[in-house]
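The values are calculated or read from the model by the stated rules, or taken from the named source; none is laboratory data. The model shown is predicted, which means the values in this text are computed figures rather than measured ones. Here the Cβ is made from the backbone with ideal geometry for all residues, glycine too, and neighbour counts use every protein chain on show. All accessible areas refer to the heavy atoms of the entire protein, side chains included, with ligands and DNA or RNA removed. Shrake-Rupley method; radii C 1.70, N 1.55, O 1.52, S 1.80 Å.
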Amino acid sequence: MTTPVPLELTANGAAHTLAVDPRRSLADVLRRDLRLTGTTVGCETGACGSCTVLVDGEAVRSCLMLAVQADGTAVETVESLAEGAGPDAELGSLQRSFKEHFALQCGFCTPGFLMLTTALLRKEPDADRARITECAAANLCRCTGYEPIVDAVEAAARRGAVALEGA
């Protein structure tokens, strides 16, 4: 058995101090210890992208990152995209756009797409369709095809609200 190591991180604006096994993934700590279950784990090899979160603003595959590597960082999960907190929270602008454009079916991959494209639109608020398509290709979806996802992100980019949220 390995000795737990201290971990301090901020998740969705809340500071956390934990002691974790150094072999645990960030996805596991987010889901099990912090109860941020919006982060989904699919392949556990980094190929699908469903576990994508933002670490200091950068999109990362949380299944591939050890939790201890996130020490001292700010982590954002899909839960951070909602406007407000608790049961009264409203969908954020990109989430609303996914809903409006039917950019989800089973929803398993949706948190990863939302976080990946949030990072894109914060850095490139005027990203065009080709750039959005290129970015979205990094994650896998087996239900929608990618057109509704790209449509949703493109519409959100035109509205410009994503670049202002959470950054």
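Checking the conditions here, which among Arg158, Arg142 is farther than 16 Å from Val53 by Cα, among the basic types (Lys, Arg), more than 13 Å from the chain's Cα centre (by Cα) and assigned to a helix (DSSP H, G or I)?
Going through Arg158, Arg142 in turn, just one is farther than 16 Å from Val53 by Cα, among the basic types (Lys, Arg), more than 13 Å from the chain's Cα centre (by Cα) and assigned to a helix (DSSP H, G or I): Arg158.
Does Leu91 satisfy being over 25 Å from Arg159 (Cα atoms), of a type in the set (A, V, I, L, M) and either surrounded by 13 or more Cβ atoms within 10 Å (Cβ to Cβ) or over 14 Å from the mean Cα position of the chain (by Cα) (or both)? Against the criterion (over 25 Å from Arg159 (Cα atoms), of a type in the set (A, V, I, L, M) and either surrounded by 13 or more Cβ atoms within 10 Å (Cβ to Cβ) or over 14 Å from the mean Cα position of the chain (by Cα) (or both)), Leu91 does not qualify. Answer with yes or no whether Val41 is in a strand (DSSP E or B), under 25 Å from Val153 (Cβ atoms) and either among the aliphatic types (A, V, I, L, M) or open to solvent by 70 Å² or more (accessible area, probe 1.4 Å) (or both). For Val41, the condition - in a strand (DSSP E or B), under 25 Å from Val153 (Cβ atoms) and either among the aliphatic types (A, V, I, L, M) or open to solvent by 70 Å² or more (accessible area, probe 1.4 Å) (or both) - is not met. In segment 77-88, how many are open to solvent by less than 30 Å² (accessible area, probe 1.4 Å) and not hydrophobic (A, V, I, L, M, F, W, C)? Of the residues in that region, 1 qualify. Restricted to segment 125-146, and to residues there that are open to solvent by 60 Å² or more (accessible area, probe 1.4 Å) and either aliphatic (A, V, I, L, M) or touching a Lys or Arg at 6+ places or on another chain (Cβ under 7 Å) (or both), the residue that is modelled with the lowest pLDDT is Leu140. Scanning segment 44-59 for residues that are at pLDDT below 95 and either surrounded by fewer than 23 Cβ atoms within 10 Å (Cβ to Cβ) or at positive phi (or both) yields a count of 6. Checking each residue in segment 60-76 for being assigned to a strand (DSSP E or B) and either out of contact with any Pro (no Cβ under 9 Å at 6 or more places or on another chain) or open to solvent by less than 10 Å² (accessible area, probe 1.4 Å) (or both) picks out Val60, Arg61, Ala74, Val75, Glu76.
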